[in-house]
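Undergrad: Questions regarding the structure given below will be posed in turn.
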Amino acid sequence: MKKFTRTIEDFSCEHCERKVKGDGYTNHCPFCLWSKHVDINPGDRQNKCKGMMEPTKAFYAKETWFVMQKCEKCGKMKKIKLKKGDDLSVVEDIIAKELY
Ligand SMILES: [Zn+2]
Ligand SMILES: [Zn+2]
């Protein structure tokens, strides 16, 4: 069974309202690192939840930043991998929030 569907779509971030160019692999916003809970398996857009996923934790592993997002609606946690072009100052804010 195919678990990953590549869907290339541009979207407007529903958190910061900026235009995001989709690359088909991720739907998180590079500006605020929020995303929308739309996938059951990565890329399938089959989830009916549609809650906003808030970046709550950030950590660095294997030379890559990862962010844990939590869905505001259903509470599901999801780990996302940051990519080139994502705003790392948001990561600093997340870490600062965790510390204080
Ligand atoms: Zn955003
Ligand atoms: Zn959800």
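Undergrad: Using alpha carbons only, how many degrees (0 to 90, rounded to 10) separate the axis of helix 88-99 from the longest principal axis of the chain?
TA: 60
Undergrad: Hey, another quick one. For residue 65, what residues show an amide H to amide H distance below 5 Å, using hydrogens built from the backbone and excluding near sequence neighbours?
TA: 82
Undergrad: Skipping prolines and chain starts, which residues have an amide H placed within reach, meaning under 5 Å, of the one on residue 36, given they are 5 or more residues away or on another chain?
TA: 53
Undergrad: Once phi is turned into θ = phi - 60°, what whole-Hz ³J(HN,Hα) does the Karplus curve with 6.51, -1.76 and 1.60 give for every residue of segment 30-36, x standing for Gly and Pro?
TA: So the Karplus estimates, Gly and Pro as x, are x, 8, 10, 6, 7, 8, 10 Hz.
Undergrad: Give me 82, 33, 88 sorted ascending by neighbouring Cβ count inside 10 Å, so fewest comes first.
TA: Numbers: 82 21, 33 26, 88 12.
Fewest to most other Cβ atoms nearby, the residues stand as 88, 82, 33.
Undergrad: Per residue of segment 68-81, in order, report the coupling 6.51 cos²θ - 1.76 cosθ + 1.60 (Karplus, θ = phi - 60°) as ³J(HN,Hα) in whole Hz, putting x for Gly and Pro.
TA: Those phi angles translate into 8, 10, 10, 6, 5, 8, 10, x, 5, 9, 9, 9, 10, 9 Hz.
Undergrad: Here is a further query. Roughly how many debye, to the nearest 20, is the charge dipole of the chain about its Cα centre, given +1 on each Lys and Arg Cβ, -1 on each Asp and Glu Cβ, and no other charges? Please list the in-between numbers first.
TA: Values: 21 positive and 15 negative charges, 107 e Å.
The dipole of the chain has a size of about 520 debye.
Undergrad: Straight-line reach only, C-alpha to C-alpha below 13 angstrom: list the aspartates and glutamates that residue 48 could link to, leaving out same-chain residues fewer than 8 apart.
TA: 39
Throughout, read-outs are computed from the coordinates displayed, never taken from laboratory work. Because the structure is a prediction, the values reported are computed rather than measured. For neighbour counting, all protein chains shown are included, and Cβ atoms are generated from backbone atoms with ideal geometry for every residue, glycine included.
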